[in-house]
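Where a number appears in this text, it was derived from the coordinates with a stated rule and is not lab data. Values in this document were obtained by computation on a predicted structure and should not be read as measured data. Heads up, the Cβs are rebuilt from the backbone with ideal geometry, glycines too, and the neighbour counts pull from every protein chain shown.
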Amino acid sequence: MSEKAKEHRYESGLAVVQSGKVSDPGIEPHRVRMTDKSEKLERTANRQVAALFIASAVGSAFSIFAYFAFPITSDLGTVRSNTLWLGFGITLGLLGIGIGAVHWAKTLMPDAEVYEPRHQSRSSEENRAAAIEIIKLADQESGFTRRKLIRRSLYTALAMFPLPAIFFFGGLGPNPADTLRHTMWRKGTRLAKDPYGTPIKASEVTEGSVFHVIPEGLQDLTDTKLEEKAKAAVLLVRVDPSVLKPIAGRENWSYDGIVAYSKICTHVGCPVALYEQQTHHLLCPCHQSTFDLTDGCKVLFGPASRPLPQLPITVDAEGYLIAQSDFHEPVGPSFWDRSAN
Amino acid sequence: MKNKRRSPFAAALVIVAGLIISGGSYAAANAVVKHSNTSQAVTQSQLEEGKQLFLANCASCHGKNGVGTSAAPTLIGVGAASADFQVSSGRMPAQADGPQMQVKPVQFTREQIDAIAAYVGSLGTGPAIPSADMTAANGDAVRGGELFRINCAMCHNAVGAGGALTEGKYAPALKNIPNTRIYEAMLTGPQNMPVFNDANITPTDKKDIITYLKYLDENPSAGGYELAGLGPVAEGLFIWIIGLGLIIGFTVWLGAKSN
């Protein structure tokens, strides 16, 4: 047990007593390199370094050649060989220099171990005393301690300075107001096919069919088209009406086995559109949330916490599918002031 | 009382009339989604051969006359297109029960498949095998790509590399699939794939989608090696293991003493 450990020995308690401290092993004994022992190996290493530098030069020359030999034409496929061979040449050019330089240093340059002790980080006593003197003098000359009024008003100014940022950042972007709670769907809006906006007749939706639906009129929007589509996208499916489990209050939301659900996942908003015809499962590709289409799209598996919102639908006089109203709840993921259900 | 007596044929007549009216009106109501494609003439001997093959290879699960059993669904009304898709892709006859019927080596010759498809098609009204003209890849690949991304890519991946579904099922990759089979899959919705009838994806749309898939088959990714087209998971795995591995290897070599 070393002297130091003995000094710190405690009578009792939980202190960990360090015994058998690892001693400084010092620098390991110098090992003579093979290139220092053998003339032949030294010449080999010499040639290796030169070969690496030559390889680098060849690589650079090759990338110039590749620039002309593999041009990018109107055929997009040519990007592939252009990128590949240009990159190959430049890589060889850079790696050749780098590996060559390191190999040179490791095998041929002197390999004697040297060490340089770290200087003390604590300043000398004189420097410390001089620094204190400077601070004291500055305080005396500025009167920072003596002039209470100035000192306190400075504190106030410094404390106030960051406050405007709270309001600047708070006002970033327009306040979404209630746009998160409503979509483009209105009473009587026809269900139309994504992306061309052809309205859908109920008779066209055969059993087992899936239609990717947008509200009719979406394709005519200009500035807000994507925002509205992101909220209003709907998946339309027809199943055998007898497998649909009735949900209280939603008995007339479907039409003859045709149901429409929001395509926006209630977890983080990916489009839920992987529909399995035989199991009636709807799968979200992002985090594997699985919804049961026949049971109000309740969550069967995965991180989503709410069922997908259902769009109440019916048909108009011409047989086209129309919305009865907007969704009865906000679509998509939770947000700050959305209620829990 | 004798004059009030109904003919013994009256009941049968009423039933037949009822069937014709209800069946006829059903067919009329669904006329928009049905195929009236009669590209292949069906001969009686073909039907007879198809029936024999069906009895020997299919009827144990799908029942005599394709009425279905507890093991497999009815084939009445699925159409020749469905039978052709299942048999010519090697999914049928099924080898074993499971989450999904697997692709296996095809069990029949082209003539036998045509015979089975003709027989199954004769069981009810269903989509016929599309003609070569309908499935030719000479449509609009750009439009096909847009339709593919909206209707197909969520399961089959944006470049048709396939993807996982729930509980062991998966959407197969769509590389080098014969045109007719792509068309039939959209039309009939095999297994868990939804049906995309001609009102949803019109024959022109279907042609465009086939054109897009054929374009993908013939044109390699412009961005270099695509790592099976699986996207960020495969790419991340590659860069974390191969890329970072190379960097660590270099670092170790830089710090090692020369021998």
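Excluding same-chain neighbours fewer than eight residues apart, the aspartates and glutamates reachable from A:K106 by a Cα-Cα span under 14 Å are A:D36, A:E42.
Under the rule a/c < 1.5 gives rounded, and otherwise a/b versus b/c splits prolate from oblate, where does segment A:34-107 land using the Cα gyration tensor? It is prolate, given that a/c is not under 1.5 and a/b is the larger ratio. Taking a straight line from the alpha carbon of B:K64, these lysines sit under 20 Å away, with near neighbours fewer than eight places off in the same chain left out: B:K51. A viscosity of 0.890 mPa s and a temperature of 25 °C, combined with the Kirkwood radius over Cα pairs in Stokes-Einstein, give a translational diffusion coefficient for chain A of 82 µm²/s.
Where in chain B is the longest stretch that carries no chymotrypsin sites (Phe, Trp or Tyr not before Pro) classed as loop by DSSP and with at most 10 other Cβ atoms within 10 Å?
Working: sites that count: B:F9, B:Y225.
The reported range is B:10-224.
Rg and Dmax, both from the Cα atoms of segment B:44-121 and both in Å, are 11.4, 37. Span-like helix check, chain A: qualifying full DSSP H segments, with Cα axial length of 30 Å or more and mean Kyte-Doolittle of 0.5 or more, are A:39-69, A:78-107. Computed over chain A, relative contact order equals 12 percent, with contacts defined as Cα pairs under 8 Å that lie 6+ residues apart. Farthest towards the positive end of the charge dipole of segment B:44-121, among the residues B:G121, B:S60, B:A96, is the Cα of B:A96, using unit charges on the Cβ of Lys, Arg, Asp and Glu.
So which trypsin sites (Lys or Arg not before Pro) in segment B:196-259 end up in coil per DSSP with only 11 or fewer other C-beta atoms within 10 Å? Write down the numbers at each step before the final one.
Numbers: sites: B:K206, B:K207, B:K214, B:K257; in loops: B:K257.
Those that pass, being in a loop and sparsely packed, are B:K257.
Compactness of segment B:133-208, taken as the C-alpha radius of gyration over 2.2 N^0.38 Å, stands at 1.05.
Among the trypsin sites (Lys or Arg not before Pro) found in segment A:133-220, those both in a DSSP coil and sparsely packed, with 11 or fewer other Cβ atoms within 10 Å of their Cβ, are A:R146, A:K187. Computed on chain B, with alpha-carbon pairs under 8 angstrom and 6+ residues apart, the relative contact order is 18 percent.
Pick out the long, greasy-scoring helices in chain B: whole DSSP H runs spanning 18 Å or more along their own axis by Cα, mean Kyte-Doolittle at least 1.0. List each step's numbers first, then the result.
Numbers: long enough: B:10-29 (28 Å, 1.90); B:44-57 (20 Å, -0.72); B:203-218 (22 Å, -0.92).
What comes out of the filter, once short or polar helices are dropped, is B:10-29.
Can you list which of the GluC sites (Glu not before Pro) found in segment A:81-133 are DSSP loop residues with at most 11 other C-beta atoms within 10 Å? Before the final figure, lay out each step's value.
On the way: sites: A:E113, A:E125, A:E126, A:E133; in loops: A:E113.
Loop-located and lightly packed - A:E113.
Checking the a/c ratio against 1.5 first, then a/b against b/c, what shape does the Cα gyration tensor give for the protein assembly as shown? Prolate, because a/c is 1.5 or more and a/b exceeds b/c.
From largest to smallest, what semi-axes in whole angstrom does segment A:179-323 give when each is the square root of 5 times an eigenvalue of its alpha carbon gyration tensor? Could you put the intermediate results ahead of the total?
Working: eigenvalues 94, 76, 35 Å².
Equivalent ellipsoid semi-axes, largest first: 22, 20, 13 Å.
Here the scattering of chain B is modelled by Debye summation over its C-alpha atoms, one equal scatterer each and no solvent; at q = 0.15 Å⁻¹ the log10 of I(q)/I(0) is -1.15. Please work out the FRET efficiency for the pair A:K40 and B:V106, using the Cβ-Cβ distance as r and a Förster radius of 56 Å; give the result to the nearest 0.05. Efficiency, from the Cβ-Cβ distance: 0.30. Take the Cα of B:A173, step 7 Å toward its Cβ, do the same at B:I248, and the gap between the two points is 2.9 nm. Using θ = phi - 60° in the Karplus curve 6.51 cos²θ - 1.76 cosθ + 1.60, the 3J(HN,Hα) couplings for segment B:129-138 round to 5, x, 6, 4, 5, 6, 9, 5, 7, 10 Hz; x is entered for Gly and Pro. Close amide-amide hydrogen proximity is noted between A:L300 and A:T290, A:F291, A:D292, each under 5 Å apart and 5 or more residues distant or on a separate chain (H modeled in the peptide plane; Pro and chain starts excluded).
Summarising the amide proton neighbourhood of A:I322: residues at separation of 5 or more, or on other chains, whose placed amide H is nearer than 5 Å comprise A:L191, A:T314, A:V315, A:D316.
Mark the label point 7 Å from the Cα of B:A56 along Cα→Cβ and return the residues of segment B:69-106 whose backbone N is within less than 14 Å of it. So the set is B:93.
For a Förster distance of 41 Å, can you work out the FRET efficiency between the beta-carbons of A:I132 and A:A112, rounded to the nearest 0.05? Numbers along the way, then the final one.
Working: r = 44 Å, r/R0 = 1.08.
Efficiency, rounded to the nearest 0.05: 0.40.
Excluding same-chain neighbours fewer than eight residues apart, the lysines reachable from A:K298 by a Cα-Cα span under 30 Å are A:K187, A:K193, A:K201, A:K225, A:K229, A:K231, A:K245, A:K263, B:K169. Take A:L76, project a point 7 Å from its Cα along the Cβ direction, then tell me which residues of segment B:141-155 have their backbone nitrogen under 12 Å from it. Answer for this model: B:141-143, B:145-146. Taking B:I76, B:I129, B:I210 in turn, the Gaussian network model of chain B (Cα-Cα springs below 10 Å) assigns the largest fluctuation to B:I76.
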